Amino acid sequence: MFNGKIYKIQTLQKLKGNWKINLLVSVVISLCGYISTLPLAESYADEANFHYGINLDFTSLLSLVPFAITGIISMASAYFFVSFFKKNQPVAFGTFLEGLNYWLKGLLANLWFILWTTLWSLLFLIPGIVKFYAYSQIYFILAEYPTMSVRKAMEISKILTRGYKGNLFVQDWSFFGWSLLCCITGGLGFIFLTPYYMGAKVHAYSFLKEQALATNTLKESDFFDTF
């Protein structure tokens, strides 16, 4: 049975004595998120016009920076937290850096995730939310099986979340109060919230995968065979 409260408890138990490395990774994630929002495009364009007299539109190009950073960092952070919470492997900052090797998977996953959720959102808000949770496990799947194709990870995510999208929504909503408190601190609180939130998400992913295997909805070979 899906139990978000248990996943939170398991996360806090795992974090005891292991906060330092998790906070370090969380700081890097927060910094990357901040950098991706810096308004660089207009200043670069103005500088090019002033020095070279060339009217170059950097805005469109640099608008892709947040998208790229989000995909790459989401992949690296999922790789780190899956290694720590699910695989119970000793982790170091190098584990996070290792996840950056799969930057292309992160970019493609973010591209397809945004594309499909946006298309469904054009119909109505509710279908968009449903698809958001249908594809929500894609980074965790790719983190555990880095050689898997993004398309296959999306299909498996849809299978894993079948019947549990509401549970995943409620789990996310349970962090809303903590998120508000983090905003009051100017965002600094997210450094502590991120490991807690991601740990609960990884434990939820572990349950979904175990449930799919136990009910023969998926077989272990499905995570290696191509669709």
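The values are calculated or read from the model by the stated rules, or taken from the named source; none is laboratory data. No experiment lies behind these values; they were computed from the predicted model shown. Cβ placement follows ideal geometry from the backbone for every residue including glycine, while neighbour counts extend to all protein chains displayed. These area figures cover heavy atoms from the full protein model, side chains too; ligands, DNA and RNA do not enter into them. Shrake-Rupley method; radii C 1.70, N 1.55, O 1.52, S 1.80 Å.
Could you give the length gained by full extension between residue 210 and residue 176, i.e. 0.36 nm per residue of separation minus their alpha carbon distance, to one decimal place? Mind showing how you got there, number by number?
On the way: separation 34, 0.36 × 34 = 12.24 nm, distance 2.72 nm.
Here the segment from residue 210 to residue 176 would lengthen by 9.5 nm.
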Charged-residue dipole, Cβ positions (Lys, Arg, Asp, Glu), the range 167-227 about Cα centre, Debye nearest 20 | 180
If Lys and Arg each add +1 and Asp and Glu each add -1, what is the summed charge of the other residues whose beta carbon sits under 10 Å from the beta carbon of residue 202?
-> +3
Using only the alpha carbon atoms of the chain, find the Kirkwood hydrodynamic radius as the inverse mean reciprocal pair distance, in angstroms to one decimal.
-> 18.9
Rounded to the nearest 10 Å², the 1.4 Å probe accessible area of residue 103 is 120
Hey, what D do you get for the range 166-227 in µm²/s if you plug the Kirkwood alpha-carbon radius into Stokes-Einstein at 4 °C and 1.567 mPa s?
-> 94
Under a point spin-label approximation (7 Å from Cα along Cα-to-Cβ), what is the residue 114-residue 185 distance to one decimal in nm?
-> 2.9
Counting only protein chains, not ligands or nucleic acids, how are 155, 144, 210 ordered by accessible area (probe 1.4 Å), most first?
-> 210, 155, 144
So what is the accessible area of the range 106-227 per residue, in Å², with the probe set to 1.4 Å?
-> 52
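Distance cut-off 28 Å, Cα to Cα: go down the list 20/152; 5/86; 16/131; 105/165; 105/201 and report the pairs above it.
Beyond 28 Å: 20/152; 16/131.
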On the protein heavy atoms, probe 1.4 angstrom, tell me the percent of accessible surface of the chain carried by carbon and sulfur.
-> 68
Most fluctuating residue of 169, 190, 132 in a GNM of the chain with Cα springs under 10 Å: which is it?
-> 169
When the scattering of the range 118-173 is computed by the Debye formula from its Cα atoms alone, each counted once and equally, what is log10 I(q)/I(0) at q = 0.13, 0.18, 0.20, 0.26 Å⁻¹?
-> -0.33, -0.61, -0.73, -1.02
Bins of 5 Å from zero: percent of alpha-carbon pairs in the range 99-149 = 5, 21, 28, 19, 14, 9, 4, 0
